[in-house]
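The values are calculated or read from the model by the stated rules, or taken from the named source; none is laboratory data. If you're wondering where the values come from, they're calculated on a predicted model, not measured in any experiment. Cβ sites come from the backbone with ideal geometry, for glycine too, and all protein chains shown count toward neighbours.
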Amino acid sequence: MGEGGSVFLSGVEQETAPHLSLTGFEGPLDLLLDLARAQKVDLAQISILQLVEQYLAFVEGARQIRLELAADWLVMAAWLTWLKSRLLLPAENEPDGEAEEAAGLLQTRLQELETIRALALWLDERPRLGEHVFARGCSEDMTRIDRSGLRVDLMGLIGAYLAMTRRRGRKRFYAPPRPRYWTVTEAVSALQRLLNASEVAGWQKLTALLPAQSASSPRARAAAMASALVAGLEMAKSGAVELRQESSFAEIMLRAPQDREEDPAHGPSSGNVAQESDTI
């Protein structure tokens, strides 16, 4: 079918369309309209009176026909009548473009009719509750019980929100924890306690003076070792302790001050202090 006829003939059952027998045409009504729209039939040779009489006779004889089909056929007959009237009226009595405007308006209305018909068909084919789909047999209890025990009002909620917003707006600065290192003062106190202990006698390793927390990291051990060495040198300078180191990078030994007599194994103690000071 032509473009104009296909707009509104898609929903029409062509097998039940009125069959016309007119001068210059014989066939179904929808075919006549399609040919007229495509200008493939001469409407000047077709009698509008015969068309109307045969249409009324068909509708009168088909009492059981669906109302929407009769409406479609009425639109077709009206369209053919309008086309015939355009041929009969003189063209100079009408402004230019009026016929095209009227045809466009009619086509728009037919398109809207077809859209409504398609939507009605779509709705009719949708699943129906109780026929295609079924509701839940037993109703489900959706009651929600609040067991939180909170009793808040709108003003309290707004206040909590504002407080949270203020906390987020504050600037936070990262402050890493400061490492706790062994100080020289602590090393001097520990060294004095070690030397004053009655059970401690003879030479002792300087590393025995280091605290237990110095083993947590290499940096803490190095700091504790430096503090112990400085404390030993300060006490050796004042004569409160004796230091000894056999060779470079050897273990540093310490003991309580002895009499100024020569040590049988290592010679005079004063020489040991001098040797230690020179080595360090």
Worksheet entry | Count of segment 205-244 residues which are surrounded by 19 or more Cβ atoms within 10 Å (Cβ to Cβ) and farther than 30 Å from Arg178 by Cβ | 5
Worksheet item: Restricting the search to segment 151-209, which residues are in a loop (DSSP other than H, G, I, E, B), at pLDDT 80 or above and among the acidic types (Asp, Glu)?
Response: Asp153
Response to the item:
Note on segment 152-197: residues surrounded by fewer than 10 Cβ atoms within 10 Å (Cβ to Cβ), basic (Lys, Arg) and closer than 30 Å to Arg221 by Cβ are Arg178
Worksheet item: Within segment 210-234, which residues are among the aliphatic types (A, V, I, L, M), in contact (Cβ under 8 Å) with a residue 40 or more places away in the chain, within 16 Å of Ser189 (Cα to Cα) and in contact with a helix residue (DSSP H, G or I) (Cβ under 6 Å, 6 or more places away or on another chain)?
Response: Ala224, Ala228, Val230, Ala231
